[in-house]
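> Take this structure, written in structure tokens, and hold onto it; I'll ask about it next.
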Amino acid sequence: MFNWWMPILTGVALLAVSIFLISMPAPAFVGLSILFGWLIFAIGGINLVFALSNRKGMEHWLWYLMIGLFEMILGGSLLLQPELSAQSLIIFTGMWLLFTAATRVSFSFILKKLGVRSWWWTLLSAILTIVLSFLVIINPLIGALTVVYLVAIPMFISGFMAILFGFQLRQFNSEFMM
């Protein structure tokens, strides 16, 4: 017997948070910027613990130690300077979009070489992503909204899918009990 209500509860929570993010983009972006700083700080701490706990068995543990210290200092700096965290998050998102677009350009030409007739759709999406990435980096408002929507939209989809999964489990439970 599966607890079908748990995915539904999770889905409702994800939907609620995603709707909040979309309806309140400014506070959502501030929260995401703070989360960005905490994540970098926490990852640094994890790398630090990893390095120290494996120093006897790992040859290059000092690199992990230095990376961990750097990440903790960077994360701490971002937490102490929220404006820097917000700008960093926007630039990080813009660069990530640019990297994604560059790989998509390359992939489109691979598709062309393989004889896929609709290869140009991939190229077109890459060009649009390149334009968006520059808009994200150049215009902070577009960057902040992009970051919020890049979190909110997948969260909304995940919430919807979790609710569907919960109802499928409920149906499975009722069929299983017969």
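What follows is calculated from the coordinates using simple rules that are stated; it is not laboratory data. Quick caveat, the model's predicted, so the values are computed rather than measured. Neighbour counts run over all protein chains shown; Cβ positions are idealised from the backbone, glycine included.
> With +1 on each Lys and Arg Cβ and -1 on each Asp and Glu Cβ, how big is the dipole of the chain about its Cα centre, in debye rounded to the nearest 20? Provide the component values of the computation, followed by the final result.
Numbers: 7 positive and 4 negative charges, 106 e Å.
My answer is approximately 500 debye.
> Moving to a separate point now. Return the loop-located GluC sites (Glu not before Pro) in segment 53-129 (DSSP other than H, G, I, E, B) with at most 15 other Cβ atoms within 10 Å of their own Cβ; answer none if there are none.
Details: sites: Glu59, Glu71, Glu83; in loops: Glu59.
Counting only loop positions with at most 15 other Cβ atoms within 10 Å, the GluC sites (Glu not before Pro) in segment 53-129 are Glu59.
> If you don't mind, another one. Counting only helical runs of four or more DSSP H residues, what would the 222 nm mean residue ellipticity of the chain come to if each run contributes -39,500 (n - 2.57) and the total is spread over all its residues? Numbers along the way, then the final one.
On the way: 6 runs with 158 residues, N = 178.
The per-residue figure over the chain is -31500 deg cm²/dmol.
> Still on this structure, I have one more. Quick one: among Val12, Val136, Val151, which has the greatest mean-square fluctuation in a GNM of the chain with alpha-carbon springs under 10 angstrom?
Ranking Val12, Val136, Val151 by mean-square fluctuation puts Val12 first.
> Okay, moving on. Please list, in order along segment 54-65, the HN-Hα scalar couplings obtained from phi with the Karplus expression 6.51 cos²θ - 1.76 cosθ + 1.60 (θ = phi - 60°), rounded to whole Hz, x for Gly and Pro.
Once θ is set to phi - 60°, the couplings for segment 54-65 become 10, 5, 7, x, 10, 5, 10, 5, 4, 5, 5, 4 Hz.
> At a 10 angstrom cut-off on C-beta neighbours, averaged per residue, how do the peptides 36-45, 164-173 rank from highest to lowest? The partial results should precede the final answer.
Numbers: 36-45: 17.7, 164-173: 15.0.
Highest to lowest by the protection proxy: 36-45, 164-173.
> Just to verify a number: FRET efficiency for Met24 and Phe167, C-beta to C-beta distance, R0 = 25 Å, to 0.05? Spell out each step's value before the answer.
Numbers: r = 29 Å, r/R0 = 1.15.
Calculated value: 0.30.
> Report the extension gain between Met6 and Tyr149 in nm, rounded to one decimal, defined as 0.36 nm multiplied by the number of residues separating them, less their alpha carbon distance.
On the way: separation 143, 0.36 × 143 = 51.48 nm, distance 2.57 nm.
The Met6-Tyr149 span can extend by a further 48.9 nm.
> Then there is this: Could you estimate the translational diffusion coefficient of the chain from the Stokes-Einstein equation, with Rh from the Kirkwood formula over C-alpha pairs, at 25 °C and 0.890 mPa s, in whole µm²/s? Before the final figure, lay out each step's value.
Details: Rh = 19.5 Å.
Answer, rounded: 126 µm²/s.
> Another one. Among Leu124, Leu132, Leu15, which one shows the highest mean-square fluctuation when the chain is modelled as a Gaussian network with alpha-carbon springs under 10 Å?
Residue with maximal mean-square fluctuation among Leu124, Leu132, Leu15: Leu124.
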